[in-house]
1. Go through segment 1-53 and name the chymotrypsin sites (Phe, Trp or Tyr not before Pro) that are in a DSSP coil and have 13 or fewer other Cβ atoms within 10 Å of their Cβ.
2. What list of ³J(HN,Hα) values in whole Hz, one per residue of segment 28-45 in order, does the Karplus curve 6.51 cos²θ - 1.76 cosθ + 1.60 (θ = phi - 60°) give from phi, with Gly and Pro shown as x?
3. Per DSSP H run of at least 4 residues, take -39500 (n - 2.57); add these up for the chain, divide by its residues and hand me the 222 nm value, nearest 500 deg cm²/dmol.
4. Of the options LEU165, GLY184, THR221, report the single residue whose Cα projects farthest towards the positive end of the charge dipole of segment 99-250 (beta-carbon charges: Lys, Arg +1; Asp, Glu -1).
5. Cysteines of the chain lacking any other cysteine beta carbon under 4.7 Å?
6. For the chain, modelled as a Gaussian network with Cα springs under 10 Å, which listed residue fluctuates most, PRO261, PRO111, PRO95?
7. Considering only PHE101, PHE144, PHE59, give the residue with the highest GNM mean-square fluctuation for the chain, with springs between Cα atoms whenever their separation is below 10 Å.
8. When volume of the Cα convex hull per residue in Å³ is calculated directly from the model, which label among [x] 128; [y] 189; [z] 147 fits?
Amino acid sequence: YHLVNVDTCMRCTLCADSCPTYTASGDLNVAPALRVRLLKQFIEGKGSDITRELCREAFRCTICGKCMEVCPFSIRTADLWYLLRYYTCKAGKRPEALEKFEESLLSNKNPYGTDTSLRVYWAEMLGLNELPGIAPRKANVALFMGCTPSYRSVAQDTLAAAVLLLNKVKESWTILGEEEWCCGCPLLMLGNREAAAEFAKHNVELVESLGATVLVTICATCYKMFKLEYEELLGRPLPFKVLHMTELLAKYVTELKLELPNKLDVKVAYHDPCDLARMSGVIEAPRLLIKEAAKELVELPENKLNTTCCGGGGLLQAVDNELRLKIAKKRVKEALDAGADVLASACPACKSSFVEAVREEGVDIEVTDVVELVARAAGLSW
């Protein structure tokens with residue numbers, strides 16, 4: 001099955017102009033039709049002929065799925081890129097930086113090499129550690145914090161906004177606390193399915209122990225993992241519902257549980273995260289929220305299922321950060337050209353990429369998350 005898809009893919013280059021890494025770099029080696037040749041060699045048992053340097057091209061890809069969206073043969077190309085990384089992992093030919101990254105991830109249970117005891121330190125720093133759900137407890141809704149919001153200041157405002165909104169609507173909620181592990185997506189991207197399954201098992205059992213009926217994430221990639229990957233990794237259905245925070249907030253707004261009286265006088269360009277829109281189909285909830293929270297929603301050139309990548313996916317930052325930022329800067333320019341005051345997304349990886357791109361370019365546009373916009377429109381501050 002995979003070999004048929006690989007052969008088809010090799011004979012076609014129609015997706016090249018939609019590939020964010022190829023269009024940003026102009027490097028044919030990262031074009032999908034050429035990258036897939038590596039996979040064919042592995043499938044045919046010729047992996048020993050491939051150098052570690054050549055295998056680096058397997059990781060100069062954000063696994064955004066854009067090639068999948070435009071494929072005239074409906075090939076799930078993202079599956080091919082995960083398979084390529086699996087073979088690269090088994091052959092021991094991943095870039096050395098990724099070998100060290102994996103070692104740290106397995107040891108620290110997060111991609112940042114930070115001690116697990118600091119996973120909830122953001123709450124103390126932002127003065128939110130007295131909120132009732134910050135100490136893990138039995139609750140209806142469990143908030144999966146995610147690694148970037150937990151450990152990186154660029155996304156901690158999104159976490160603060162999320163817990164304050166849950167508190168405002170008097171939801172029965174809790175976080176997973178210091179025992180929360182990475183969702184496991186970086187391990188899948190490294191080609192290590194076995195470890196990803198171990199992380200999935202740990203997180204699901206932790207949610208179960210809290211008695212939650214709903215698991216909510218603020219990260220698009222964490223959402224995709226719980227929603228689409230965990231059942232396959234674990235071989236059983238999840239005993240709870242999975243929602244992205246924008247879905248839950250849209251529900252609160254439409255049911256009139258959450259009012260947004262302080263409408264923001266800004267023009268907001270919304271960037272659809274690949275894992276949220278294309279991979280998971282969450283498209284309308286963020287838009288409903290922006291329309292309720294702000295003066296105007298602006299659509300970017302590539303949007304909804306046809307969205308483009310922020311550059312922050314696929315572990316690209318670890319192997320080619322310059323390319324990641326080229327991709328992010330293109331999106332920032334599109335938001336500026338649209339006359340937006342604010343560039344909002346619904347994923348901490350997107351926010352992180354855009355914040356860095358804006359800083360390097362020295363341009364005047366605010367970068368935020370939809371959840372933060374909603375919190376501000378609700379009159380919340382932190």
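1. When the chymotrypsin sites (Phe, Trp or Tyr not before Pro) of segment 1-53 are filtered for loop state and at most 13 Cβ neighbours within 10 Å, TYR1 remain.
2. So the J values, rounded to whole Hz, are 4, 4, 9, 5, x, 5, 8, 4, 5, 5, 4, 5, 4, 4, 5, 4, 7, x.
3. -14000 deg cm²/dmol
4. The Cα lying farthest towards the positive end belongs to LEU165.
5. Lone cysteines by the Cβ rule: CYS9, CYS12, CYS19, CYS55, CYS61, CYS71, CYS89, CYS147, CYS182, CYS185.
6. Sorting by GNM fluctuation, first place goes to PRO261.
7. Checking each option, the largest mean-square fluctuation is seen for PHE101.
8. [x]
Readers should treat all values here as calculations from the given coordinates under stated rules, not as data from a laboratory. Because the structure is predicted, anything quoted here is derived from the model rather than measured. Reconstructed Cβ throughout: ideal geometry from the backbone, glycine too, with neighbour counts over all protein chains shown.
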